[in-house]
Amino acid sequence: MAITSFLKTVATSIKNLNPQEVRKLADREINIGLTASSENELNRMWAFLAPDSLSEKKKNELVRFVHPLGPRLPSMPPPPAHVDLELWEEGLNKPRHAFTFYKQDPARTVREILEKYDDLSLALARHFVAFRKPVSEKIISAASQENALFSIATSLPNIVPSFLSLPFAVGEFASDTAFITANQLRMAFMLAGANDRSIGYREQKTQVASVIAGAFGWRALARELVSKIPFGAGVVSKATVAYAGTWLVGRGLQQLYSFGGQLSRDERHHIYDEGLAKGKTAVAKLMQRFKKSA
């Protein structure tokens, strides 16, 4: 009876979680213009966006998104009237809206683009390998912090976390477990999108089932923490576990989407401990903000 009731609660909470919205963000076409001083430098920039590890089929798909603005290559079609962002060779006098391609530090180029175009991050990661790891890490970190925040908010009902945004309305959820489960599913959809995988309940049925199954363990542990640890420490512990559990789910999904395999037992223990350490720091900062708000 308890299991059936819990599953109904989770099902109710995720009914408005639409993977189609994530799919739309991920499938958005991103047109990138390239400007360099020579064909060799253009080829270097192309290799950054379409590395040799990609199949020829995937490289051919990317050709329609990447447009040399100068010098023009005869094999390339003319660029569109508008590109979403421009990459310029380092050392050239680029316009203010363009980004520098740092050939010795391409990760810096990725960081600068994502800082300015967060709304394009999912589509950039889906189409271009160089963006996948940083975007995936950001998705996992954000979901972990959101779940820790919600765990605190439901344990301290007199404080409304209006100073931080959450992906869902607080009142829609019957329990923090339901919120955490729905948010982990949302994270799963976003990670699939960022790693150029199929998105949806049916397409990700194994991962969806795993997230829902894991919610039972979180539910039992959260109740034990709050009931057995007095004077508010249980709230901190529960929020930290919410962060660590979400961190572990996210890293496990990223392992699957990046390498096609599961985490080993030792890797799971290590990543969970890593999540606990990060969670303690994040929850301490959140609690300070709650105290100031109160």
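Numbers for the structure displayed
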| read-out | value |
| --- | --- |
| Selection status of R132, assigned to a helix (DSSP H, G or I), among the basic types (K, R), out of contact with any Asp or Glu (no Cβ under 7 Å at 6 or more places or on another chain) and farther than 25 Å from L253 by Cα | no |
| Output for the range 272-291, where each listed residue is surrounded by 22 or more Cβ atoms within 10 Å (Cβ to Cβ) and either of a type in the set (S, T, Y) or under 19 Å from the mean Cα position of the chain (by Cα) (or both) | G275, G279 |
| Condition met for L69 (in a strand (DSSP E or B) and either more than 24 Å from K278 (Cα to Cα) or in the same structural domain as W247 (by TED's automatic domain parsing) (or both)) | yes |
| Residue pairs meeting the criteria (Cβ under 9 Å; at least 6 apart or on separate chains; first loosely packed, with under 13 Cβ neighbours inside 10 Å, in the range 26-42; second of a type in the set (A, V, I, L, M) and assigned to a helix (DSSP H, G or I)) | E29/A123 |
| Residues located in the range 182-191, provided they are touching a Lys or Arg at 6+ places or on another chain (Cβ under 9 Å) and farther than 10 Å from A125 by Cα | F189 |
| Subset tally (residues that are surrounded by 20 or more Cβ atoms within 10 Å (Cβ to Cβ) and modelled with pLDDT under 90) for the range 226-241 | 6 |
| Selection status of A107, within 22 Å of S198 (Cβ to Cβ), in a helix (DSSP H, G or I) and either free of Cβ contacts under 8 Å to residues at least 40 places away in the same chain or hydrophobic (A, V, I, L, M, F, W, C) (or both) | no |
| Per-region count, the range 253-271, residues assigned to a helix (DSSP H, G or I) and either outside the structural domain of T154 (by TED's automatic domain parsing) or surrounded by fewer than 18 Cβ atoms within 10 Å (Cβ to Cβ) (or both) | 9 |
| Residue match in the range 75-87 (condition: among the small types (G, A, S) and outside any loop (DSSP other than H, G, I, E, B)) | no |
| Flag if F128 is under 20 Å from the mean Cα position of the chain (by Cα), modelled with pLDDT of 95 or more and crowded, with 18+ Cβ neighbours inside 10 Å | yes |
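The values are calculated or read from the model by the stated rules, or taken from the named source; none is laboratory data. Since the model is a prediction, treat every value here as computed from it, not as a measurement. Note: ideal-geometry Cβ built from the backbone for every residue, glycine included; neighbour counts use all protein chains shown.
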